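Take a look at the structure below.
Bear in mind these aren't lab numbers, they're just calculated from the coordinates by the rules spelled out. In this text, all values refer to a predicted model and were calculated from it rather than measured experimentally. A quick note on method: Cβ atoms are made from the backbone with ideal geometry, for glycine too, and the neighbour counts reach across all protein chains shown.
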Amino acid sequence: MSSILLLTSSPRSESLSTTIASELADKLKAQTPGSAIVRRDLAANPLPHIDDLFTAAIRKPAEARTAQEAAAVKTSDELVNELLAADSIVIGTGLINFNIYSSLKTWIDNVARAGLTFKYTESGPVGLATGKKVYIVLASGGVYSQGPAAGMNHAVPYLKSVLGFLGITEVETIYVEGLAFGPEAAEKAIGAAKSRVEELALAA
Ligand SMILES: Cc1cc2nc3c(=O)[nH]c(=O)nc-3n(C[C@H](O)[C@H](O)[C@H](O)COP(=O)(O)O)c2cc1C
């Protein structure tokens, strides 16, 4: 069965990244009969931040971990399995102080695991989470897909870097941008994002 992992990270009830990302996941599901959406609302159900026990545990083989260390990586193990099982991943985030929501950063810290989602080799690190397509939905007050503020968009380049490190290089980005430029601009931005969702779902 094909699995679509939907990661949403906004705490806002009127979140545009969540709305558009959810719409895309629904359309991808409709395109692939028998597929299922695995939902992770990272704002409503925050993941544990990595801590002392976690960072010690991930450096040891599973059988060498104490009971406390094993407990500290349990959620991370589940998240890694979810990521590895996914055929496509839809990530929704707002641009928050020029980067992603911290709830999404915590998900990344939980899934970037040496030996599971990437490995070190003599010729450098190799990603192990291959064969997936990722869709990034980025909502922002300003315009960052192009123009003078593009260099301040640390969200998309960061996500592409870390996903690439994990072996995921097929990435599409849907911008819902210019939302702070008045109701008319916001409506236009949402319309453009919805058209892109339509297009990407048809192409899936
Ligand atoms: C704390 C905070 C920081 C923000 N920082 C930025 C920013 O750096 N650049 C920007 O264009 N918009 C910024 N915004 C606006 C959000 O990107 C915008 O509201 C977006 O819709 C949030 O995504 P969401 O609707 O999915 O929650 C910020 C909003 C908040 C609440």
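What are the pairs, 6+ residues apart or on separate chains, where a residue within the range 34-46 that is part of a loop (DSSP other than H, G, I, E, B) has its Cβ under 7 Å from a residue that is of a type in the set (D, E, K, R)?
SER35/LYS29
Of all the residues that make up the range 1-30, how many are more than 15 Å from the ligand (Cβ to nearest atom) and either in contact (Cβ under 8 Å) with a residue 60 or more places away in the chain or of a type outside the set (A, V, I, L, M, F, W, C) (or both)?
First, pick out the residues of the range 1-30 that are more than 15 Å from the ligand (Cβ to nearest atom): 1-5, 26-30.
Okay, now just the ones that are also either in contact (Cβ under 8 Å) with a residue 60 or more places away in the chain or of a type outside the set (A, V, I, L, M, F, W, C) (or both), so 2-5, 26-30.
So the answer is 9.
Return the residues of the range 165-194 that are more than 10 Å from the ligand (Cβ to nearest atom), small (Gly, Ala, Ser), under 23 Å from the mean Cα position of the chain (by Cα) and within 15 Å of GLY141 (Cβ to Cβ); say none if nothing qualifies.
ALA193
Only one of VAL137, VAL111, VAL156 is under 19 Å from ILE4 (Cβ atoms), under 16 Å from the mean Cα position of the chain (by Cα), within 16 Å of the ligand (Cβ to nearest atom) and β-branched (Val, Ile, Thr); which?
None of the others qualify; the one that does is VAL137.
Among the residues of the range 115-133, is there at least one that is in contact with an Asp or Glu (Cβ under 7 Å, 6 or more places away or on another chain) and crowded, with 19+ Cβ neighbours inside 10 Å?
Yes, the range 115-133 contains at least one residue that is in contact with an Asp or Glu (Cβ under 7 Å, 6 or more places away or on another chain) and crowded, with 19+ Cβ neighbours inside 10 Å.
List the number of the failed condition for LEU47; all other conditions in (1) away from the ligand (no atom under 16 Å from the Cβ); (2) among the aliphatic types (A, V, I, L, M); (3) over 15 Å from the mean Cα position of the chain (by Cα) hold.
With respect to (1) away from the ligand (no atom under 16 Å from the Cβ); (2) among the aliphatic types (A, V, I, L, M); (3) over 15 Å from the mean Cα position of the chain (by Cα), LEU47 is out only on (3).
Looking for whichever is touching a His at 6+ places or on another chain (Cβ under 7 Å), under 22 Å from VAL156 (Cα atoms) and among the hydrophobic types (A, V, I, L, M, F, W, C) here; the options are PHE118, PHE98. Which one fits?
PHE98
Could you list, in sequence order, all residues of the range 166-204 that are of a type in the set (Ser, Thr, Tyr) and not in a helix (DSSP H, G or I)?
THR169, THR173, TYR175
One line per residue, one yes/no per condition, for (1) in contact (Cβ under 8 Å) with a residue 24 or more places away in the chain; (2) surrounded by 12 or more Cβ atoms within 10 Å (Cβ to Cβ); (3) charged (D, E, K, R); (4) closer than 22 Å to LEU83 by Cβ:
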| site | (1), (2), (3), (4) |
| --- | --- |
| ILE136 | yes, yes, no, yes |
| SER161 | no, no, no, yes |
| GLU170 | yes, yes, yes, yes |
| VAL176 | yes, yes, no, no |
| ALA204 | yes, yes, no, yes |
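Do we have ALA189 as of a type outside the set (Lys, Arg) and over 25 Å from ASP26 (Cβ atoms) here?
no
Select from the range 68-102 the residues that are of a type outside the set (Phe, Trp, Tyr) and within 11 Å of the ligand (Cβ to nearest atom) and list them in ascending order.
Here is the first cut: in the range 68-102, the residues of a type outside the set (Phe, Trp, Tyr) are 68-97, 99-100, 102.
Correct list: GLY92, THR93, GLY94, LEU95, ILE96, ASN97, ASN99, ILE100, SER102.
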